[in-house]
Each structure stands twice: as structure tokens, then as C-alpha cells.
Amino acid sequence: MDQKVTAPTIEKKTLIGQRVKKPDAPDKAIGKTRYINDMVLPQMLIGKVLFAGRPHARIVSIDTAAAERLPGVHAVLTGKDAAGLRFGFVRDNAALKDKVRCEHDEIAAVAAESEEIARQAIGLIEVVYEDLPGVFTPEDGAREDAPQIHDNFPGNKSLYFEFSHGEVAAAEADSDFVVDNVFRPHHVTHCCMGTSCAIADFDHNGKLTIWTQTQYPYNYKMDLAPALGLQPGDIRVIQPPVGGAFGSKLDVYPYEPIAALLAKRTGRPVKVIYSREEEFKASPTRQPAIIHMRTGCTRDGTLTFRTADVLLDNGAYTSWGPTIPVIMMRTVSGHYRVPVVDFKAQAIYTNNPYAGSFRGYGNVQTTWATAQQMDMLADMVDMEPLAFHLKNSQVSGEITPQKSFLRECVLVECLETAAGASDYSRKRKEYAAARAEPGRYKKGIGLASSIHNAGGAKIHKSDGIGTILKVDDYARVTVITGASEIGQGIDAVITLIVAEELGVPLEHVLIVNNDSDIAPWDVGVHASRTTFIAGNGTRRAARKAKAQILAAAEKMLGEPADTLELRGGSVVRDACGTPLIKLDRLLRQMHFQAEPELVMVTDYYEPKSEPEGAKHVSDHSAAYSHAVHVAEITVDTLTGEITVDKITMAQDVGRVINRMGLEAQIEGGLAIGLGYALSENMLLDRGLLKNPCFRDYKLLTAPEMPPLDLHFIESDCAEGPYGAKGISELPTIVIAPAIANALYNATGVRVFDPPMSPEKVARAIDAQRQAAGG
Amino acid sequence: MQEIKSYLAPRSLDEAVKAMAAGDVTVFCGGTDLTPQTDSGAKRYGATLMNIRRIEGLSGIAEAGDSIRIGAATTVTEVRRDPLIARAAPILAEAAEHFASDQIRNAASLGGNICNASPAGDMINPLLVLDAAVELASWADGALRTRSVPLENFFTGPRRHVKRPDELLTAIVFRKPATDFVGWFRKSGPRPALEISTVSVGIGGNLSDGVFRNVRVAMGSVAPTPLRAHGVEAALEGRPLDADSIRAAVAAADADATPIDDVRASAWYRKHLVKVFTEEVLNHVLGN
Ligand SMILES: Cc1cc2nc3c(=O)[nH]c(=O)nc-3n(C[C@H](O)[C@H](O)[C@H](O)COP(=O)(O)OP(=O)(O)OC[C@H]3O[C@@H](n4cnc5c(N)ncnc54)[C@H](O)[C@@H]3O)c2cc1C
């Protein structure tokens, strides 16, 4: 009968590396998506926060009587209502404070019928403060006579990290050149389009449901519970669509327990949502740092040692910010082959805003230093700068002093590709020679690279993910996964992988990943890990489902399972593509047979990485990757304006999965890195933020995005899904020092404290002119 | 936020100024200054909010004899695209070109830019160079009253001006520049697009036989009000426009500008830019 039904064969086609659109893109494009900020629940009250507006003070008294009397007000809470409910890594934070330690400290909160009433009520709360002398730099905070910010952290000392390997003194004695600089990366913030928002509601069993923007729903429960006196198990986390996170939602911040405390007090759902000004003041920042770095090399261009002495401005409380040394030290010890390393980092409490995690976590700050020092050394040794980089590049199979195992390492290819495509070596020489010539506009080219974890980072006990996958009677696939979608595009990756493995159309894959009561564990969206970890989890689950389906097909069709494949919605002969049965039909037959079966599989994937450990000597990621950026710029030497003419980038992506998502992540990452490099800056004056608005906080806009020449190097990672590595932080990490190096190439001026704003560049060039006597 | 009790959108000028005479009215044109200022609490709405964009004759650009008249509600986009402006007063089109973004330009009015009285107002600068005057209308003793105030005398301090609360700014008028008029405008900020001026410099005058006459120089963001830089004008007036006079003009710019440090820039940088731009604009005018 086969001869009669000559169904067309279905060819093998792969989706890996294709351009696949995000499933939520159409709704977002037309404005249909309902973000958390848009959500309204029946009976919902609006919560508002009274911020201290001063950096350091004792609270003498709070009078809430007038606010409580205002019609429409349902609750007014103060520090007393959060007494004993401390939270944070070191339990130094509380939803509502008993003392003021920074400008945005939450002093009181109101729940009312409307935003207007809540705002009015906030205005009626009378607080008497006694201002205290403040601490606004970590250097000042470390002084013996410095005012104490927390009673139980003497000397304002927060976290401390160290790592060393080899003998620095001996290595230094062997060095012909040593560069020694102090770098001061600054305060910037995430600027998510959707401002911070949470909605909390309790049921009568005392169980909390919280709708929030969190990017780590499972540990979030553990971190939120102590702020409320709840058990983590009594918290259900729902993640509606969010307008960005970028690391800013990797911890619990006070507005979340405030929403919950107000909900508990009123017995009604309460929504707290920040205005843009509140967002600027109260959301976490990127961790600023003072990095004293020294790097040495021999005359023949071999790196001998690198030391970094780091002081971190902890701000008033401890979130992810002061933990960045965990990644900083990997860069200090692993950015190029560095045989001898000494790293120390001390965080000091101040009365400034405090830092969370932010895309590029720790590595943005460190690469700002290491990549500039590589450029400085390249000018000292007697060799071509590119040759200097190549000479110190690691190769596949190398192990860094911290035991990062660089199984597939293509730094050399990245360097050669980016330098070759941009004609780096020739232009660098030409522009340097043209520096002294007259002319207002100077061209410059700069190269920078870095290394970053690309297979998660095992800083928790687990870096794994749970996946549940079911295929229904109509061959529609539901993936219930711990992987959160915060705009980064894991939804498209999961869809693509399921379609690849099960041969179903992309539109037939549904993802359920926004309810902690339903989806299984995942550590969260961070460390460039989700495509790597969730990609592996999804593929493993899909393959289990496929094995079950093909085993059933073998029974029904009498052809060996290992000769069959799923393609185009059918079971086909793998060799020739002849379709044998439609997949949905097969699934129904499996379901309705004498021994019925449904396709429902589970998977738990834990990457083969080692826990970070207290000594920081472990292979803490399942993969590592490199990127090289070459920036070409024009500097207006009078106004100091830098125009970025072009960026050439080569990055080890392992394998391209969704090409469109990859490009978008690289472009978005670069935009954040460019703003960091050129214009973004939180202007703090004695702890008070002077530019809490987009008028004065300069995000780059679309016209400033330069032309990009992107090269994806595929190293085929043995551990990664289809060979892929994590990709999304490197673009943010590498671009700023590439521009700094280009600025030097163009003008002979170096900026150590970003951003390289027009004023700063103009001042540096002016100082250089004065020094030259003209 | 104070509650707005009523909203008016008059069709005629009489209706508008009568309402203003009657009391606490906030004029709303494009709203691009008003909205952020009331949101932040820097400004409060009056009891009546009055949208002036439907008032007949309040927008548009027209020749009137040897003058050009621009209605107060005319948007920056309209100025940017207008053929008469492009021909007769390109310095104004240049300022419109570097004004904010498309979205803001489509809403922002010239009248709003002037009444907001910011020293950084970008349309004010070229209008000072063009020696424009503003028309103010009010209602008194049962009749429409108008007066004309030279723009140079309009500003009295940061965000302060001579317009009374009951007066509506109806138009901006300037003489069509002669054919030997040359002028240019330059502004700067830390990013190219969507920028509030760190500093702006506009220079114009009649250049014939190599001699610069009727020179007018305006500077933005270097003083409490938009500034006419009389020192620079004196350095250039009646002299050949050459390397010597440009040097003198730059030195005078340094003296005329009295900027302050704020979040956008330091006084040092503003002075530095004023000098750079003065030289740049004069070189541009010279065709260098
Ligand atoms: C994102 C952004 C970017 C900006 N960029 C720039 C820029 O590059 N350059 C620049 O100069 N400005 C800029 N501005 C400021 C603003 O857009 C301009 O000042 C604009 O011209 C104001 O016009 P408007 O019609 O929106 O004024 P409105 O906000 O409607 O009014 C401003 C003030 O003037 C009063 N008013 C308005 N019209 C009249 C009238 N006819 N008679 C009497 N009173 C009146 C109002 O009551 C109000 O007090 C920017 C603003 C924003 C939000």
C-alpha cells in the first residue's frame, strides 16, 4: 500500500542558528502585553512610601495620626511594624527603617484607596529627624573616627574577599615593565522601562501571593520570608511580564515586603509602584569601585603578575553589589595568562545608595582596568600590540590560577578576527602618529577583550534547573520550566529547542514559567546562564519525550526506533524522510490503546561545575568564553565629544542558537556598555542623587548607536546545548575599555573614572595642553 | 498636585484673554515643559487649565510686510520644515534641527519655549540674534489690548519675565534679515540627540565687503537668563571678520559668560565651550 500513498518526504532541517522571533514580540509591539505595572486586582489598594530624603539621621519621632485620619487611608506603617524582621545577605536591611542610613530609606508606608490619597497621606506624616554626620566615600568610611552606620558592623566593614597565587615580589623582580594605576568605576543604574512594582495579597491561611518582577523566583522566597516573618513555603511568586531587569531584580528590595506588610495589615491586595524619580533613587546601582591595579611583563611581552587592591563603596545595605569580587578576581586572574596574582577587596559601608547585581556583574569594573593596562603595556614592550595580546592569550585546555578550566578557548581566533576585520594594527599606528599633528578632530582605535563565565556560576549550592514537559493529544507541547523570561529571550530559545527536537511547529510550543507553585526550581536569570542551563534542561526533557514517542512508534509501526525521527509534525524514516504517521495521531493512539500512556516527562539538569567555595579555587562555571571589541572613534579635542564610528566585535558564542535573539542581546548589551562608557552617571552630592530623571541622567538614544560589525565565533562547547555558551554579559563588559584605549590612541589622554563625558575628556585634553606648555 | 477645576479650549483670542483676566489660569500649549514641572512639584496648576492650541491665528508662519510673524503656538517641527524660515532665517531652522526629538518637536511651541524662560531655551537664542519682539495680548476695560516687547527685554531672571499672568503671548515678530545677513547657531550636550543645551551660541549680522555690522550675539545656559553678549558684539561690530576680530570675540565671550556649576556641566566647561563655539560659529559664518 505504501506505493499508492506517496506522501512527500520531509527533509531534515535544523532550526539551530536560525532567526526565530520571540513569542511575545507581536503582543509587545502592539501594546497588548499586560505588564505587572498595568495590573489591577479587585479591591486593590495603592501603597506609597515615605523616603527619608537625607543620608544619615536618627529618627526622633514619627506622627502618623493625621495620615491615618485621612478618608481612604487603610493603613500607615512605620519601622515599628517591621521591627525584628531583618533581611538581606547579612541581615542588615528592613522593609521600614528605625534609623536613616541613605537618602531612599523607607521610613513609613501607606495603603490607600487611590494613588492621590496615598500621596496626600504621605505628606501628612510628620517625622522629626536628628541628622548625623555622614560617610560618603569608602576611604572616609574606613577611617578610625568615621561615623558608624550599623551598630553591628564595626569600622563600617562589610564583605571582604581575597585570592592569591604565586609570589608577587619575585614576579615583580622579574618584570621589565610594571603599570600601576587607580581606576574608579562609578555609580550607574539599570533604567528598566518598567519601574519597580509589586502586588501582594494574603489568603486566609496566611499564604502570601506576590506578583513581582523578580528574576529569581525560588531563592526569592527564602530571601523575602525573613522580612515578613513567614516560612518560604508560604510564599507564592507570580511573575507577570516585566519591563526589564538586567540584574536589578536579583534580590529582595524593600518595596516588596512593604507591599506584603500593607496587604497583611489591610487584608486587601496592595500594589506598590515607583515613579521614575523614586526608581532612580531607590533601585539598586551598579557597584562602584576603587581599583588599584598593577600588572607586569617582561621585555619580550610575557605577563608576569597582576595585583588588585579594591575598595568598594558598599552603600547603606548589603545586596549583590559588594559580592562582585567573586567575579572580579576571576578576571584579575584569568584575563590573559597571568601566572602570579594577588587580589584583595574590602567593602565599606557608606551613606550612599547601595548596589545590586547588574549585567556584567563585577567584570565591567575589572575589565575597565585590566584591558586598559594591557593597552598600556602593549605600548611599552617592543612588539606589535596585537602580537602582545596573542602571546598572552590562553588556549583550549588551559586552567587559570583559580582553576577555571578553559576547555574550548578561542581567544586567539577572536583577537585575529576582530583585529583583522577592523584593520586594527595599521590604524592604531597611523592614528598614534597623527596625534601631534594639528587638527581639531582626531581618530582613534582601541581594542579590549575579556573573559566571562558562560555556563552559569555555581555561587549557590545548585546552579541547576527543573523541567516538566508534556505533549498532548494534539501534539501541542507545554514546557513547564524554572527559567524566567525577563525580556532576554529564553522563551524563543526554549521554543526553538523543542521544535528542533520534536519536529513540531514553533507556534505549537507553550511555556509556563511564571508561577513558583507550578514551575520547578531554577536559580534565576543571572550569570549569562539561562540559554546554557535551561537550554540543556529543555533539550534533555524533549529528548526523553522523543524517546518515549519513538518507542511507541516502534511498537506500532514495527520499525526500529533508532531508524525513526520526528520531523514536520510526523514520524519519519530518518534516512529518507518518508513520513509514516502524523505525530498527533500517534499520540492519540498511545493515549487510547489498551495500555494507555501520556507523554509527560521531567528532567533535572545540574551543570558539571564546582561550587565557588570559600577559597575561590574551583571550576565554578561549566564554560567560559571570551570577546574582543575594537572601537573606532572620532574625538572633538575642543568639546571633548567622542563619536563612536564603528564597533567590531568577535565573541565566542559556542554555537548560535537563535540568531535574532543573539544579535539583540549583543546590541542591547553594547548599548548598556556604551552608556556606561560615555554618558551615564548618578551624580551624588553627599549621598543625595542630583539627577533622578532621564533629562539629566544620560542614557544613550537610538541615533547614538554606532554601526556594528559582529562576528560570532563557534567554539562548540562540549557541555552546552548544541555547543552553545552563555553570551549576554560580555558585550556590556568589553566596550568601555575599548573606547578608553581608542581615546588614548587618538589623543594621548587616559580617563580612569568613567564616564568619558565630553567635559571630562575636554578637561583631560586641556590639562595635557597646559602640561605641554601651550 | 492641586486640583484643576475647569478646562478651557477657546477658539478665539478674545475668549482666551477674557478667561485670563478673570483669574487663576494655567496656559497649556505643547505641555512639554508644563507636564514635567507640575509632575515634579516645581510648578502648580491654576484652577483653570487652558489649552491654547485651538485659538484661531495663534499658529503659523507668515510674511507681514518686511517682517516675519510666527504665531506663539507654532511648533518647533513647523519651524524646522518651513520654506520661508529656511530661506530667510536659516539660523532658526538650525536651532529647530537640534531641538529635542521628533516627539517633543511635534508638541513644543515657540511661545512655550519663550514663556518657560529657561536660559537653555534653544529657540530663544536665534530669536535674540534676529532681534525679535514678542506680542502680548490681554483683556482690559472691555477690550483686547496688545503690546510689543523686544525679546531682549523680556527676561528678568531665571524663569522670570515681564509678561503679566493675565497676558497671553500671541506672536513673535522679526524683520526679515537683509540679503547680506549671515548667522549660525551651535549647541552642545553630552550626547548628540535629545539634549538640553550645556551651552549654546548664536551669532548673526550683516557681512558686506568683509565688514561685520549690526552684530548680535546670543548665549544660552551661561547666565540667569538667555544672554545678549554685548562684549562679543562690540568686539566684532564694524570690523572686518578675520582672525584678529575672531580672537577678540573669543576673549570677549570669556568675559560675557557668567555660568554656574550645576548637574549638567561645570562653569569651567561652559566657559570653555562658549569660547570654542564663538570661534566655530564665526568661522562657519566666514565659510572656513
Ligand atoms: C524630553 C524633552 C526634551 C527637551 N529638549 C529641549 C531642547 O532641546 N531645547 C529646548 O529649548 N527645550 C527643550 N525642552 C523643553 C520644552 O520642550 C520647550 O521649552 C518647549 O518649547 C516648550 O513649549 P510647550 O508648548 O511644550 O510649552 P508648555 O509646556 O505648554 O508651556 C511652557 C510654559 O509657558 C506657558 N505658556 C505656553 N505658551 C504660552 C503663551 N502663548 N502665552 C503665555 N504663556 C504660555 C505655560 O503656561 C508654561 O508655563 C525639552 C523638553 C523635554 C520634555
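Order the peptides A:186-192, A:521-527 from the highest to the lowest mean number of other Cβ atoms within 10 Å of their residues.
In descending order of packing, they fall as A:521-527, A:186-192.
Describe numerically, in nm with one decimal, the distance between label points set 7 Å from Cα along Cα→Cβ at A:Arg119 and at A:Tyr441.
Between A:Arg119 and A:Tyr441, the label points sit 4.6 nm apart.
If r is the Cβ-Cβ distance from A:Met383 to A:Lys615 and R0 is 51 Å, what FRET efficiency results, to the nearest 0.05?
With a Förster radius of 51 Å, E is 0.90.
For segment A:605-707, count the residues as N, evaluate 2.2 N^0.38 Å, and divide the Cα radius of gyration by that value, please.
The value comes to 1.48.
Provide the gained length on full extension for the span B:Arg160 to B:Asp180, in nm with one decimal, where the gain is 0.36 nm per separating residue minus the Cα-Cα distance. Walk me through the intermediate numbers first.
Numbers: separation 20, 0.36 × 20 = 7.20 nm, distance 3.46 nm.
Computed gain between B:Arg160 and B:Asp180 is 3.7 nm.
Are there any helices in chain A, counted as whole DSSP H runs, that stretch 20 Å or more along their axis by Cα and score at least 0.0 on average by Kyte-Doolittle, and if so which?
A:659-678, A:730-747
Quick one: check the C-alpha center-to-center distance for segment A:219-264 versus segment A:8-83, whole angstrom.
Segment A:219-264 and segment A:8-83 have Cα centres separated by 11 Å.
On a straight-distance basis, which lysines could pair with A:Lys429 in a cross-link, Cα separation under 21 angstrom, same-chain partners fewer than 8 positions away excluded?
Partners found: A:Lys391, A:Lys442, A:Lys443, A:Lys646.
Using 1/(1 + (r/R0)^6) with R0 = 60 angstrom and r between the beta carbons of B:Asp66 and A:Asp131, what's the FRET efficiency to the nearest 0.05?
0.45
Cα gyration tensor of chain A, axes a ≥ b ≥ c as square roots of the eigenvalues: rounded (a/c below 1.5), prolate (a/b > b/c) or oblate? Could you put the intermediate results ahead of the total?
Numbers: a/c = 1.91, a/b = 1.10, b/c = 1.73.
Oblate, because a/c is 1.5 or more while a/b does not exceed b/c.
Whole percent per 10 Å bin, from 0 to the bin with the longest distance: what is P(r) over all C-alpha pairs of segment B:6-51?
28, 52, 19, 1
Grab the Cα-Cα distance for A:Glu144 and A:Leu510, subtract it from 0.36 nm times how many residues apart they are, and report the gain in nm with one decimal.
Result: 125.9 nm gained on full extension.
Rank the residues A:Phe246, A:Phe532, A:Phe592 as a footprinting-exposure proxy: fewest other Cβ atoms within 10 Å of their Cβ go first.
Values: A:Phe246 26, A:Phe532 32, A:Phe592 9.
Least to most surrounded, the residues fall as A:Phe592, A:Phe246, A:Phe532.
Rounded to whole Hz and in sequence order, give me ³J(HN,Hα) for segment A:190-198 from the Karplus expression 6.51 cos²θ - 1.76 cosθ + 1.60, θ = phi - 60°, writing x for Gly and Pro.
6, 6, 4, 5, x, 6, 4, 7, 8
Find the centroid of the Cα atoms in segment A:363-427 and in segment A:702-754, then give the distance between the two in whole Å.
Each part reduced to its Cα centre gives a spacing of 12 Å.
Using the Cβ atoms and a cut-off under 9 Å, what net charge is assigned to the surroundings of A:Gly356, where Lys and Arg are +1 and Asp and Glu are -1?
My count for the surroundings of A:Gly356 gives +1.
Once phi is turned into θ = phi - 60°, what whole-Hz ³J(HN,Hα) does the Karplus curve with 6.51, -1.76 and 1.60 give for every residue of segment A:338-347, x standing for Gly and Pro?
These are the phi-based 3J(HN,Hα) values: 10, x, 10, 9, 9, 10, 9, 9, 10, 9 Hz.
Contour minus end-to-end for A:Leu70 and A:Leu580, with contour as 0.36 nm per residue of separation and end-to-end as the Cα-Cα distance?
Values: separation 510, 0.36 × 510 = 183.60 nm, distance 7.29 nm.
Fully extending the segment from A:Leu70 to A:Leu580 adds 176.3 nm.
Counting only other residues whose beta carbon sits under 12 Å from that of A:Ala736, what net charge do I get with K and R as +1, D and E as -1?
After counting each charged neighbour, the total is -1.
I need to check one value: relative contact order of segment B:181-287, counting alpha carbon pairs closer than 8 Å and at least 6 residues apart, in percent.
Relative contact order, segment B:181-287: 25 percent.
For a Förster distance of 51 Å, can you work out the FRET efficiency between the beta-carbons of B:Asn106 and A:Thr298, rounded to the nearest 0.05?
For B:Asn106 and A:Thr298, the calculated efficiency is 0.25.
In what sequence do A:Ile324, B:Ile68 fall when counting other Cβ within 10 Å, fewest first?
So the residues, fewest neighbours to most, are B:Ile68, A:Ile324.
Can you compute the charge dipole magnitude of segment B:61-175 about its Cα centre, using +1 on each Lys and Arg Cβ and -1 on each Asp and Glu Cβ, nothing else charged? Give it in debye, rounded to the nearest 20.
Numbers: 12 positive and 14 negative charges, 44 e Å.
Computed charge dipole of segment B:61-175: roughly 220 debye.
Please list the non-local residues whose amide H lies under 5 Å from the amide H of A:Ile657, H modeled 1.01 Å from N, same-chain partners needing a gap of 5 or more.
A:Gly17
Which ³J(HN,Hα) values, rounded to whole Hz and listed in residue order, are derived for segment A:348-360 from phi using the Karplus coefficients 6.51, -1.76 and 1.60 in 6.51 cos²θ - 1.76 cosθ + 1.60 with θ = phi - 60°, glycine and proline given as x?
For segment A:348-360, the Karplus-derived couplings read 10, 4, 9, 9, 8, x, 10, 9, x, 8, 7, 1, x Hz, x marking Gly and Pro.
For the protein assembly as shown, give the magnitude of the charge dipole about the Cα centre (Cβ charges: +1 Lys/Arg, -1 Asp/Glu; no others), in debye to the nearest 20.
1160 debye
Tell me, B:Val199, A:Val630, A:Val512 in order of fewest to most beta-carbon neighbours within 10 Å?
A:Val512, B:Val199, A:Val630
In the structure displayed, which of A:Lys80/A:Lys344; A:Lys48/A:Lys698; A:Lys221/A:Lys458 lie more than 29 Å apart, Cα to Cα?
Beyond 29 Å between Cα atoms: A:Lys80/A:Lys344.
Output the relative contact order of chain A, whole-number percent, from Cα pairs under 8 angstrom with separation of 6+ residues.
16 percent.
What nm value, rounded to one decimal, do you get for the distance between A:Ala551 and B:Ser6 when each label is placed 7 Å out toward the C-beta?
Placing both labels 7 Å beyond Cα along the Cβ direction yields 8.1 nm.
Determine the shape class of segment A:368-439: with a ≥ b ≥ c the square roots of the Cα gyration tensor eigenvalues, call it rounded for a/c under 1.5, and otherwise prolate if a/b is greater than b/c, oblate otherwise.
Note, shape of segment A:368-439 comes out prolate.
For chain B, what class follows from the C-alpha gyration tensor (a ≥ b ≥ c being the square roots of its eigenvalues): rounded when a/c is under 1.5, otherwise prolate if a/b is larger than b/c, else oblate?
Working: a/c = 2.09, a/b = 1.57, b/c = 1.33.
It is prolate, given that a/c is not under 1.5 and a/b is the larger ratio.
Using Cα centres only, tell me the gap between segment A:433-463 and segment A:473-500 in whole Å.
Segment A:433-463 and segment A:473-500 have Cα centres spaced 33 Å from each other.
Since every read-out is calculated from the coordinates, none of them should be taken as a lab result. It should be emphasised that the depicted structure is a prediction, and the values quoted were computed from it without experimental measurement. No Cβ is skipped: glycine too gets one built from the backbone with ideal geometry, and neighbour counts run over all protein chains shown.
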